[in-house]
């Protein structure tokens, strides 16, 4: 469960800490006090997208820390999957820092984590039902996921998704080969022309680089010859001066003579002698380069022509010779496939039919599971809705067969009738905001036992309800909180009175700055807050008396 939440510099919250408890935790406060900011902070911990606008004005960054304890088995396994383990006391700490430049830093038990990892782990820790989720019920395409959670094994769904993907891959490959005779003839003509043109060019890997290198040498032969001549003159000398080789030779001969009388000079003499030999070798190599500079202008013309051919082919087939060779090989393989297409299509058709049959088999198996799950789901949801002050409700799951798609072969949608004698119709055509909230609460209640999630958060589940319906919603939340931690944001006294723990979120202005504080209420604080919810700013003794009675009845309910 969520044990602690620390928020710093998120919107109007400068610093606050909340110690949540088991059971039903309720957040109340004036509209605009900052209840949604607490939910936004929890969403940040769960890896949801955040905005730099969340950072409090004047601050460089915002910070959220959440501590979870008594983790469920699935959560522990998911943590281990990413290399994280709970602390010795079984808790895990998740932190997220949001900067004004858009960057975010995430940590799990002090170790770095990514936002995507937070998201995968978060879904195992908390399930949040916000106002927007009720409106998901208006989209029939989303109804199938509730039935699947009710009674379709995830392993079966995963197996089907893999089979459907394989079938689609086979179909795409088959479609690529399946062409009419005229189209096939045109494709053969094009490929044949391209192959003949490339084969006639006699392409060789590395040829373009070699030709460019030779061309550069030919075009700059005069510059190269001049440089070599200068180097040779420096080494060998000319009529007007001696070269370096002559000077080094004289030095070597002199040291060899001196060595007879000064043996210690032997090493230096050998070094000079080696320099002499190296210079002689350099002179020989320069003569070799000089002789290679001569070329026939016809050779340069042939190189230019060849490079022009390669350039024009490169514009059509991929730039470099290596790319053109790759294009040629692929074209040859494609032509061979087309020429053998009848046999190939027959083989691929068999493979596709086999893949399709497997996908259909799994889809039918899933459909049967959905039929059973829908029956149990319908029965349970009706029971919950009748408890929530909708005695004449008729809730149905319409299941129709449809072509194979990523979800199987079923089209599902929820139908309801809220008045006796009226036919059931799609939810989107009938349900009001209050009815949507109660339907979603019923679904959450039914599915709670299917998920290994210890914390459920309801953000204003009381939308559109009042009176007896509100009382029933509060009782249902309290019932769910008997085996799950529930955190609820509400504007209704009937729900707040049933809380095991109540927090007041209050906005204040201090020194021309707005601050939001969160405080856990004691009995007197709860009585004052319930009276405010019922009566507004003017709290009378009668309102306080009514609030006390609500708390007394709620306590009686909790002990019963």
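Annotations
- The number of residues in region 394-426 that are buried (at least 20 other Cβ atoms within 10 Å of the Cβ), over 20 Å from residue 448 (Cβ atoms) and over 32 Å from the mean Cα position of the chain (by Cα) comes to 1.
- Check on residue 14, in a strand (DSSP E or B), within 24 Å of the chain's Cα centre (by Cα) and surrounded by fewer than 20 Cβ atoms within 10 Å (Cβ to Cβ): no
- Residues satisfying the stated conditions in region 62-85, i.e. assigned to a helix (DSSP H, G or I) and crowded, with 19+ Cβ neighbours inside 10 Å: 75, 78, 79
- Only one entry of 118, 27 meets the criterion of being under 30 Å from residue 493 (Cβ atoms) and buried (at least 17 other Cβ atoms within 10 Å of the Cβ), and that entry is 27.
- Selection over region 73-110 of residues that are under 20 Å from residue 452 (Cα atoms) and in contact with a strand residue (DSSP E or B) (Cβ under 6 Å, 6 or more places away or on another chain) gives a count of 6.
- Pick from region 384-423, criterion outside any strand (DSSP E or B) and out of contact with any helix residue (DSSP H, G or I) (no Cβ under 8 Å at 6 or more places or on another chain), ranking: nearest to residue 440 (Cα to Cα): 386
- Verdict on residue 388 being over 37 Å from the mean Cα position of the chain (by Cα), under 30 Å from residue 41 (Cβ atoms) and surrounded by 14 or more Cβ atoms within 10 Å (Cβ to Cβ): yes
- Lone qualifier among 455, 445 - being closer than 23 Å to residue 39 by Cβ, modelled with pLDDT of 90 or more and within 34 Å of the chain's Cα centre (by Cα): 455
- Residues satisfying the stated conditions in region 427-442, i.e. free of Cβ contacts under 8 Å to residues at least 60 places away in the same chain and more than 33 Å from the chain's Cα centre (by Cα): 429, 430, 432, 434, 435
- Taking region 95-184 and the strands (runs of 3 or more DSSP E) fully enclosed by it, the elements with 3 or more residues that are in contact (Cβ under 8 Å) with a residue 40 or more places away in the chain are at 126-129.
- Residue check, residue 273 within 30 Å of residue 309 (Cα to Cα), in the same structural domain as residue 297 (by TED's automatic domain parsing) and in a helix (DSSP H, G or I): no
- The number of residues in region 508-522 that are at pLDDT below 90 and surrounded by fewer than 17 Cβ atoms within 10 Å (Cβ to Cβ) comes to 7.
The values are calculated or read from the model by the stated rules, or taken from the named source; none is laboratory data. All values derive from a computational prediction rather than experimental measurement. Cβ atoms come from the backbone with ideal geometry, glycine included; neighbour counts cover every protein chain shown.
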